[in-house]
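To keep things clear, I will list the structure first and then write my remarks on it.
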Amino acid sequence: MGLASGRSPATQPLESRRGIGIVETIAMKEGMGIVLAPGLVVILESFPSADPQAFVGREVRLLTPEGGDSSRRIAAIRDHGTTISVFFPGLTRAEVPVGSRIVVDD
(Lines give C-alpha, C1' and ligand atoms only; values in the text may rest on other atoms or scores of the structure.)
Protein backbone atom coordinates (compact mmCIF):
# COMPACT_ATOMS: atom_id res chain seq x y z
CA MET A 1 0.00 0.00 0.00
CA GLY A 2 1.26 3.48 -0.85
CA LEU A 3 0.12 5.40 2.24
CA ALA A 4 2.26 5.67 5.33
CA SER A 5 0.61 7.40 8.25
CA GLY A 6 1.96 8.70 11.53
CA ARG A 7 -0.63 9.80 14.07
CA SER A 8 0.08 11.46 17.37
CA PRO A 9 -1.29 9.58 20.38
CA ALA A 10 -4.61 11.05 21.50
CA THR A 11 -3.41 11.28 25.10
CA GLN A 12 -0.33 13.35 24.19
CA PRO A 13 -1.07 17.09 24.54
CA LEU A 14 0.25 19.38 21.82
CA GLU A 15 2.87 21.86 22.93
CA SER A 16 1.61 25.40 23.25
CA ARG A 17 4.16 26.94 20.90
CA ARG A 18 3.74 29.42 18.09
CA GLY A 19 1.93 28.12 15.02
CA ILE A 20 -0.51 25.36 14.15
CA GLY A 21 0.17 21.81 15.34
CA ILE A 22 0.55 18.89 12.95
CA VAL A 23 -1.35 15.92 14.37
CA GLU A 24 -0.91 13.41 11.53
CA THR A 25 1.22 12.94 8.43
CA ILE A 26 0.61 10.90 5.29
CA ALA A 27 3.43 10.16 2.84
CA MET A 28 2.30 10.41 -0.78
CA LYS A 29 4.45 8.23 -3.01
CA GLU A 30 4.93 7.97 -6.75
CA GLY A 31 2.90 5.25 -8.41
CA MET A 32 -0.21 6.02 -6.35
CA GLY A 33 -1.88 7.78 -9.26
CA ILE A 34 -1.90 11.07 -7.36
CA VAL A 35 -0.95 14.09 -9.44
CA LEU A 36 0.91 15.91 -6.64
CA ALA A 37 2.94 12.95 -5.35
CA PRO A 38 5.58 12.51 -4.09
CA GLY A 39 5.36 14.60 -0.97
CA LEU A 40 3.75 14.90 2.41
CA VAL A 41 0.20 15.61 3.51
CA VAL A 42 -0.02 17.06 7.02
CA ILE A 43 -3.23 17.10 9.05
CA LEU A 44 -3.59 20.20 11.21
CA GLU A 45 -5.06 20.62 14.69
CA SER A 46 -6.89 23.77 13.53
CA PHE A 47 -6.71 26.47 10.89
CA PRO A 48 -6.90 30.25 11.46
CA SER A 49 -8.86 31.17 8.33
CA ALA A 50 -12.34 30.68 6.95
CA ASP A 51 -10.75 30.56 3.47
CA PRO A 52 -7.95 27.97 3.54
CA GLN A 53 -7.57 28.04 -0.27
CA ALA A 54 -6.19 31.57 0.01
CA PHE A 55 -3.04 30.00 1.49
CA VAL A 56 -2.21 27.82 -1.54
CA GLY A 57 1.12 29.02 -2.94
CA ARG A 58 2.00 30.83 0.27
CA GLU A 59 5.31 30.20 2.01
CA VAL A 60 5.14 29.00 5.63
CA ARG A 61 7.70 28.00 8.24
CA LEU A 62 7.87 24.42 9.48
CA LEU A 63 9.15 24.01 13.04
CA THR A 64 10.04 20.50 14.24
CA PRO A 65 10.05 19.32 17.86
CA GLU A 66 13.83 18.85 17.55
CA GLY A 67 14.33 22.53 16.72
CA GLY A 68 14.39 22.33 12.93
CA ASP A 69 13.18 25.43 11.10
CA SER A 70 12.59 25.53 7.35
CA SER A 71 10.42 27.39 4.86
CA ARG A 72 8.17 25.64 2.33
CA ARG A 73 5.44 26.66 -0.06
CA ILE A 74 1.94 25.16 0.34
CA ALA A 75 1.07 23.29 -2.88
CA ALA A 76 -2.50 22.31 -1.96
CA ILE A 77 -5.00 22.56 0.89
CA ARG A 78 -8.08 20.46 1.42
CA ASP A 79 -10.90 21.31 3.80
CA HIS A 80 -12.38 18.03 5.06
CA GLY A 81 -15.07 19.73 7.15
CA THR A 82 -13.67 18.63 10.51
CA THR A 83 -10.01 19.14 9.68
CA ILE A 84 -7.66 20.76 7.18
CA SER A 85 -4.86 18.99 5.33
CA VAL A 86 -1.92 20.67 3.62
CA PHE A 87 0.31 19.17 0.90
CA PHE A 88 4.03 19.89 0.64
CA PRO A 89 5.76 18.38 -2.40
CA GLY A 90 9.08 16.66 -1.91
CA LEU A 91 8.91 16.42 1.89
CA THR A 92 9.06 13.23 3.96
CA ARG A 93 7.71 12.22 7.36
CA ALA A 94 11.28 12.25 8.70
CA GLU A 95 11.60 15.93 7.77
CA VAL A 96 8.25 16.95 9.30
CA PRO A 97 7.35 14.57 12.13
CA VAL A 98 4.06 14.59 14.01
CA GLY A 99 4.28 17.31 16.65
CA SER A 100 5.82 19.81 14.25
CA ARG A 101 4.18 23.21 13.76
CA ILE A 102 3.30 25.37 10.76
CA VAL A 103 3.84 29.09 11.24
CA VAL A 104 2.06 31.44 8.84
CA ASP A 105 3.97 34.71 8.95
CA ASP A 106 2.00 37.85 8.16
Task: Count of residues meeting criterion [more than 10 Å from the chain's Cα centre (by Cα) and among the β-branched types (Val, Ile, Thr)] in the range 52-106 - done: 8
Open item on the list: Among (1) surrounded by 15 or more Cβ atoms within 10 Å (Cβ to Cβ); (2) not in a loop (DSSP other than H, G, I, E, B), there is one condition residue 78 misses while meeting the rest; what is its number?
Closed with: (1)
Task: Residue list for the range 47-62, filter: at pLDDT below 90 and either of a type in the set (Phe, Trp, Tyr) or in a strand (DSSP E or B) (or both) - done: 47
Task: So residue 44, is it within 17 Å of residue 92 (Cα to Cα), in contact with a Phe, Trp or Tyr (Cβ under 9 Å, 6 or more places away or on another chain), crowded, with 16+ Cβ neighbours inside 10 Å and at pLDDT 90 or above - done: no
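The values are calculated or read from the model by the stated rules, or taken from the named source; none is laboratory data. Bear in mind the structure is a predicted one, so any value in this text is a computation, not a measurement. Every residue, glycine among them, receives a Cβ derived from its backbone with ideal geometry; neighbour counts consider all protein chains shown.
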